[in-house]
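**Student:** Before we start, here is the structure in question, set down as structure tokens.
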Amino acid sequence: MTAFDKPTDPLAFNLWHDPWIRVIDPEGRTKQLGIADCLAQAPQLSALSDPSPVVVGGTQRLLIAILQAIYQPDSLQAIGAVLQAGHFDAERIAQFGEQYAERFALFHPTHPFLQTGDIPVDGWNVDKKARTWAEAKAVSPLFDEVPGTTYRAFYRHITDEQHQVCPACCARGLITIPSFASSGGAGIRPSINGVPPIYIFPTGDTLFHSLALALTIPGYQPSAAAKISDAAWQADPVIGRDQIRGEVSYEGSLTFPARRVRLYPIVQPATCSQCGQHTELYVSQMVYEMGQRRSEQAAHWQDPFVAFQARKSKASEGDENGDGARSDAFVALRPQAGKALWREYTGLLLLDRETQFRPAIVRQLSGLYDEGLIDTNQLARFRCIGIRSDGKAKNFEWFDEALDVPPRLLNDPDGIVYVEQAINRAQEIDITLTTTFNRHFRPARSKDATAKLARFHSIRNRMIENYWDRLAKTFRDFIFKLDDPFQRDSAETQWAQLLLHQAQRLFDETTEQIGDHADALRMRVQAQRDCRLKLGKKRKDWGL
């Protein structure tokens with residue numbers, strides 16, 4: 001049964017009007033809204049919400065792009081005026097909807113939202129010999145958490161043919177492509193920011209404040225941004241396969257069509273395999289292939305929600321950006337395996353140097369504080385969203401975490417020194433724990449030596465992971481103490497003492513797992529004593 005065997009009303013799903021955005025109200029209840037209602041009710045909503053952090057990030061960037069087009073702020077005072085109003089202008093939102101709402105239709109025959117309009121909406125039913133476009137694929141690649149094709153399926157036993165996805169879930173999947181599309185095989189390149197980086201979003205008490213604080217003025221937008229109108233609701237509805245773009249606007253970057261997609265709807269009752277809700281229409285197949293990419297000769301793209309650092313080695317093999325060619329002097333800060341996000345605190349929120357600089361949105365927020373447009377007693381809060389991958393086709397984990405900064409610390413060079421030293425000292429203890437453990441727990445040569453070594457490594461890795469996890473809350477407390485210049489020295493001392501105490505305690509707890517037989521007991525006693533001596537030397541070196 002094709003989409004056209006029944007009346008076409010079910011095909012009229014439109015992201016502007018129909019509910020698909022998951023939000024949380026002040027009572028903690030979750031509901032779904034269309035874009036227009038979400039913006040109108042933003043002052044009464046707490047935040048965006050979704051089981052998938054990448055959906056939250058993609059939705060936030062879409063809403064930011066729309067608001068950016070509506071307001072086009074040209075000064076910090078203009079952003080301050082939006083904040084002062086306490087709500088988004090209903091008339092401006094209505095005018096935008098009157099002009100562009102049709103471009104948010106998910107299954108439009110010629111200009112479907114974030115899809116290419118040159119493939120018929122029922123193209124999946126055309127004789128294969130007559131096709132002039134790509135083969136249909138399962139809809140699963142829209143969702144990073146869903147295994148499909150050759151991806152391994154852990155505890156999710158469903159084949160590609162069994163996916164039946166409702167329009168709302170399709171919309172959620174589509175809006176992740178501009179920000180989180182990564183490499184995925186030969187000829188499949190990542191989106192405009194390369195391999196997905198860590199995205200930093202300012203956060204307020206309501207969704208309205210969070211979105212208003214994310215508006216940017218020209219001085220904080222990418223210097224390479226073009227002055228053209230190419231956002232998803234304005235751009236050419238035809239997305240070419242592996243199409244090279246010489247110019248991209250700022251709004252266009254937030255809705256960048258890195259994939260050439262066409263959803264094939266089937267009008268038939270079903271249960272959505274993604275959200276479990278009943279739907280009168282579902283999508284099982286789609287066209288999904290490489291879409292647009294920036295020219296290799298284009299200037300480095302500096303997304304305002306991303307931190308950057310100097311490339312460690314320009315001559316190193318591989319390509320950190322994942323674009324296969326461009327070798328920029330700076331690369332985006334990306335998640336690293338086993339590295340807690342707060343360990344990147346200075347690079348994400350505090351540093352502006354020749355070799356490292358924080359997101360432009362953080363610098364702009366600092367300017368809003370300096371201009372008195374935000375109360376300095378109000379914390380600078382940020383929502384950090386990302387997905388860790390191998391830069392190719394494997395995604396390992398995602399995260400949605402919060403970081404807070406006392407406003408005075410954003411541009412305080414003395415305070416930043418305290419933060420850097422605190423993190424460096426924690427790293428020194430990490431090295432001490434690791435090297436001490438490795439020195440004492442090495443199995444003698446035997447038939448099962450390899451298995452014992454693997455067990456030792458597993459125990460050691462858990463110890464280091466627990467070490468950083470235990471420090472997270474204490475680090476937050478340490479940061480807030482730095483807000484008072486008169487408490488900084490005592491806060492530094494308390495932090496150092498806690499590091500030493502936690503390290504010895506954790507090392508002792510961990511080595512207890514080695515065993516009680518004679519050889520293990522001897523190794524354990526010697527290791528604990530050695531660790532105590534090394535930590536004692538650290539205490540002396542730090543002047544405690």
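**Student:** Please compute the modelled spin-label separation between residue 135 and residue 224, points set 7 Å along Cα→Cβ, answer in nm with one decimal.
**Tutor:** Taking the simple label geometry, residue 224 and residue 135 are separated by 3.4 nm.
**Student:** For a label point 7 angstrom out from the Cα of residue 30 toward its Cβ, which stretches of the range 276-297 have the backbone nitrogen within less than 12 Å?
**Tutor:** Within reach of a label on residue 30: 276-277.
**Student:** Something else about it: Hey, if you put +1 on the Cβ of every Lys and Arg and -1 on every Asp and Glu Cβ in the chain, which of 332, 426, 199 ends up farthest toward the positive end of that dipole?
**Tutor:** Value: 426.
**Student:** May I pose another question? Return one number: the angle in degrees, 0 to 90 and rounded to the nearest 10, between the long axis of the Cα atoms of helix 90-100 and the longest principal axis of the Cα atoms of the chain.
**Tutor:** 60
**Student:** Go from 0 up to the bin containing the longest alpha carbon distance in the range 337-459, width 10 Å each, and give me the % of pairs per bin.
**Tutor:** Histogram of Cα-Cα distances, whole percents per bin: 10, 28, 27, 19, 10, 4, 1.
**Student:** Charges only on Cβ, +1 for Lys and Arg, -1 for Asp and Glu: so what's the dipole of the chain about the Cα centre, in debye to the nearest 20?
**Tutor:** Using Cβ point charges on Lys, Arg, Asp and Glu, the chain gives about 2560 debye.
**Student:** Hey, what's the range 369-419 come to in accessible area per residue, 1.4 Å probe, Å²?
**Tutor:** Here the residues of the range 369-419 average 51 Å² of exposed surface.
**Student:** Sticking with this structure for a sec: What aspartates and glutamates could a cross-link reach from residue 481, if we take a straight Cα to Cα line under 15 Å and drop same-chain neighbours fewer than 8 places away?
**Tutor:** Hits, sequence-local ones excluded: 404, 412, 414, 420, 489, 492.
**Student:** Given a Förster radius of 56 Å and the C-beta distance between residue 379 and residue 438 as r, what FRET efficiency does 1/(1 + (r/R0)^6) yield to the nearest 0.05?
**Tutor:** After rounding, the FRET efficiency stands at 0.85.
**Student:** Turning to a different aspect of this structure: Please find the FRET efficiency linking residue 539 to residue 490, where r is the Cβ-Cβ separation and R0 is fixed at 22 Å, and quote it to the nearest 0.05.
**Tutor:** Efficiency, from the Cβ-Cβ distance: 0.85.
**Student:** Please give the length that would be gained between residue 457 and residue 329 if that part of the chain were fully extended, namely 0.36 nm times their separation in residues minus their C-alpha to C-alpha distance (nm, one decimal).
**Tutor:** Value of the extension gain: 42.5 nm.
**Student:** Related question: Set the Förster radius R0 to 41 Å, insert the Cβ-Cβ distance between residue 295 and residue 532 as r into 1/(1 + (r/R0)^6), and round the FRET efficiency to 0.05.
**Tutor:** 0.10
**Student:** Which angle between 0 and 90 degrees, to the nearest 10, do you get for helix 76-85 versus the longest principal axis of the chain when only C-alpha atoms count?
**Tutor:** 80
**Student:** Next question, about the same structure. Per-residue ellipticity at 222 nm for the chain, helices alone: DSSP H runs ≥ 4 residues times -39500 (n - 2.57), over residue total, nearest 500 deg cm²/dmol?
**Tutor:** -11500 deg cm²/dmol
**Student:** Mind giving me the nanometre distance, one decimal, between the label points for residue 420 and residue 234, set 7 Å out from Cα along Cα→Cβ?
**Tutor:** Calculated label separation equals 4.1 nm.
**Student:** Separate question: Using a 1.4 angstrom probe on heavy atoms only, work out the carbon and sulfur share of the accessible area of the chain in %.
**Tutor:** Ligands and nucleic acids excluded, carbon and sulfur give 48 percent.
**Student:** Report, in degrees rounded to the nearest 10, the 0 to 90 angle that the Cα long axis of helix 53-71 makes with the longest principal axis of the chain.
**Tutor:** 60
**Student:** What is the spin-label model distance, in nm, from residue 400 to residue 474 if the labels are put 7 Å beyond Cα along the C-beta direction?
**Tutor:** Inter-label distance under the simple model: 3.0 nm.
The values are calculated or read from the model by the stated rules, or taken from the named source; none is laboratory data. Note that this is a predicted model, so its numbers are computed, not measured. Neighbour counts are summed over all protein chains in view; Cβ atoms, including those assigned to glycine, are modelled from backbone coordinates with ideal geometry. Accessible surface areas use protein heavy atoms only, side chains included; no ligands, DNA or RNA. Shrake-Rupley method; radii C 1.70, N 1.55, O 1.52, S 1.80 Å.
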